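Chemist: Just passing along the structure, written as structure tokens.
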Amino acid sequence: MGIATDNSTGPGSERAADRAAGPAAGPAGAARPAALSPSRAADFMRCPLLYRFRVIDKLPEKPSAAATRGTVVHAVLERLFDAPAAERTAGRAKGLVPGEWEKLLAARPELAELFLGEDGERDGERLARWLANAERLVERWFTLEDPTRLEPADRELYVETVLEGGGAGEAGLTLRGFIDRVDVAPSGEVRIVDYKTGKAPAPQYRSDALFQMTFYALVMWRLRGQVPRRLQLVYLGSGDVLTYDPTEAELLAVERRLRALWEAISLATETGDWRPRPTKLCGWCDHQAVCPEFGGTPPPYPLPVPAQRASDVDADADTDAGAGAGADGRVVADGEGQGRMDPV
Ligand code: SF4
């Protein structure tokens, strides 16, 4: 493919991608959506009401052992590149796991509850199993990529760009997120890499997995003026590497889809009409108690809604919020894709 740093040869390499994660818990006051990240876009496509609970109400969510493990594993894979190439061994990487967990715990003490026994005391055995599992995932990475042959151009790269408005006076759409790793070949070709601690999706769900990666590819294209040569997903849970080489035309289609999605989000924000969209993924949702689909009542909508506009809203809004936005795909849920806890 012409990217010198490419040595991904895991079984099942093919087109695809996505990551899932939960936002950090904690009330922070209601706010209008200001930007779109892959995770939150996926939330809206999965269920508009879930998006509202996470982005506008900022309802707290229980820590997830899977997402927390994802965060620790991502940190290890990032930190490992601090070492000289020859010292990037599986043993060294596994040895980083406990320290990265301790650092994360210090930053987010509430994660300790993941490892409490029924008596409220720390369950050391459960923590040990969880750490061992994280170490196995880290070890599997070495069967998929060879970090002694990689010199990433960027790790944990925060990216943000604004898609200008479609017409005079229209506000732009801010896209942002974190890219796990960016490799740049001597030829200048760019590869975007994302780690997943879950398993590779079944073929019918791979377009959903691709969504996040094409989102990043679009942002990078806008920022650097160059379409990334390759998008690569590394699934540590199943030992698969999935790759996809995007084209300009495909990224333009992604841009149109994101604009439509943002329009749907803006309409829902303005009207306060956030429809629940129940699926089997509701099992992963922390908000069933306040979801009408499960007999709950959402908290009062915290943003002002023009009375006239609110009464105008009808069933069309459901279409606008989903299919009208091109939101036609299933999106992997927390604990399925197991990216990490996503701060954006
Ligand atoms: S329980 Fe299901 S329908 Fe209700 S908010 Fe959560 S994801 Fe949406």
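Read the figures in this text as sums done on the coordinates, not as results from a lab. Just so it is clear, the model here is predicted, and its values are computed rather than measured. A quick note on method: Cβ atoms are made from the backbone with ideal geometry, for glycine too, and the neighbour counts reach across all protein chains shown.
Chemist: Rounded to whole Hz and in sequence order, give me ³J(HN,Hα) for the range 274-290 from the Karplus expression 6.51 cos²θ - 1.76 cosθ + 1.60, θ = phi - 60°, writing x for Gly and Pro.
Modeler: Going residue by residue, I get 10, 7, x, 10, x, 9, 5, 6, 4, x, 8, 7, 7, 10, 4, 5, 10 Hz, with x marking Gly and Pro.
Chemist: What is the order of 238, 207, 37, fewest Cβ neighbours within 10 Å to most?
Modeler: Listing 238, 207, 37 from fewest to most nearby Cβ atoms yields 238, 207, 37.
Chemist: If you plug each phi of the range 96-111 into the Karplus form 6.51 cos²θ - 1.76 cosθ + 1.60 with θ = phi - 60°, what whole-Hz ³J(HN,Hα) values come out, in order, with x for Gly and Pro?
Modeler: Coupling constants for the range 96-111: 7, 4, x, x, 5, 5, 4, 5, 5, 5, 5, 6, 9, x, 5, 5 Hz.
Chemist: Suppose R0 equals 41 Å; then what is the FRET efficiency for residue 297 and residue 154 from their Cβ-Cβ distance, rounded to the nearest 0.05?
Modeler: Computed FRET efficiency for residue 297 and residue 154 comes out at 0.35.
Chemist: In addition: Within 10 Å of each residue's Cβ, count the other Cβ atoms and sort 47, 285 from fewest upward. Intermediate values should be presented prior to the final figure.
Modeler: Working: 47 27, 285 22.
Final ranking by Cβ density, sparse to dense: 285, 47.
Chemist: Still on this model: Using a simple spin-label model with points 7 Å from Cα along the Cα→Cβ vector, what separation in nm is obtained for residue 122 and residue 106?
Modeler: Between residue 122 and residue 106, the label points sit 1.5 nm apart.
Chemist: Sort 184, 234 by Cβ crowding within 10 Å, fewest neighbours at the top.
Modeler: 184, 234
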